[in-house]
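No lab work stands behind these numbers, since they all come straight from the coordinates. Because the structure is a prediction, the values reported are computed rather than measured. Using ideal geometry, Cβ is built from the backbone for each residue, glycine included, and neighbour counts are taken over all protein chains shown.
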Amino acid sequence: MIRRAAIEDLEAIEDIYRGAREYMRENGNPTQWGDSYPERDMLLDDISKGDLYLVIRSSSIAGVFYFAVVDDATYRRIEGSWSSDEPYGVIHRIAARRGEHGIFSEALAYAFTRIGYIRIDTHRDNATMRSAILSHGFSERGIIHTYDGTERIAFDVASV
């Protein structure tokens, strides 16, 4: 089940992101989220806008992700090209509680109930996420730069 995150979920959400940062460090990706990303203020903002979602399994939070149908500022300039100029949804900051699998599949399925074209990006060193993205039919489109100027590999996919 997917539901919007609430303020009451914040401690569990932060715990999942803490575990995701540890996983990244352990798997050759120590810099993508550093020691504190996403910051509490960002999460509170995502929650207040209704853009932070939870994957619920057996009455507990198994994963978290940001989803919105929005013109994402970081996607306006790409070294490469998008496959479409149509309106799109974005998935960001996806993370699973340790031991949980399939969170990306559930997040993507939810996103496709809202819009038929999705864009996403990840760090070059995030082999786990790159594999998940490609295994779900996304195509690599080029390089974008995040708000702090760092490079990310950009992908997109349309529902079939």
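Can you compute 3J(HN,Hα) from phi for each residue in segment 46-57, using the Karplus curve 6.51 cos²θ - 1.76 cosθ + 1.60 with θ = phi - 60°, rounded to whole Hz and x for Gly and Pro?
With the stated coefficients, segment 46-57 comes to 4, 5, 5, 7, x, 9, 9, 10, 10, 9, 9, 9 Hz.
Given R₀ = 35 Å, FRET efficiency for GLU11-ASP125 by Cβ-Cβ distance, to 0.05?
On the way: r = 28 Å, r/R0 = 0.81.
The value I calculate is 0.80.
In whole percent, what relative contact order does the chain give with Cα contacts below 8 Å and a gap of six or more residues? Numbers along the way, then the final one.
Details: 254 pairs, mean separation 35.5, N = 160.
The normalised contact order for the chain reaches 22 percent.
For segment 18-160, count all C-alpha to C-alpha pairs, find those more than 21 Å apart, and express that count as a whole percent of the total. It would help to have the intermediate numbers written out before the result.
Working: 4217 of 10153 pairs.
Every Cα pair in segment 18-160 considered, those over 21 Å come to 42 percent.
Find the centroid of the Cα atoms in segment 1-57 and in segment 93-135, then give the distance between the two in whole Å.
14 Å
Would you mind telling me the antiparallel percentage of the DSSP bridges in the chain, rounded to 5? Can you show the working numbers first?
Numbers: 29 of 31 bridges.
That works out to approximately 95 percent antiparallel.
Let me have the relative contact order for segment 112-155, percent, based on Cα pairs under 8 Å that are six or more residues apart.
Reported relative contact order: 42 percent.
Given H placed 1.01 Å from N in the peptide plane, which residues other than close sequence neighbours of ALA62 have an amide H under 5 Å from its amide H?
VAL55, ILE56, ARG57
Springs between alpha-carbon pairs under 10 angstrom, Gaussian network model over the chain: which of MET42, MET129, MET24 fluctuates most?
Result: MET42 has the largest fluctuation of those listed.
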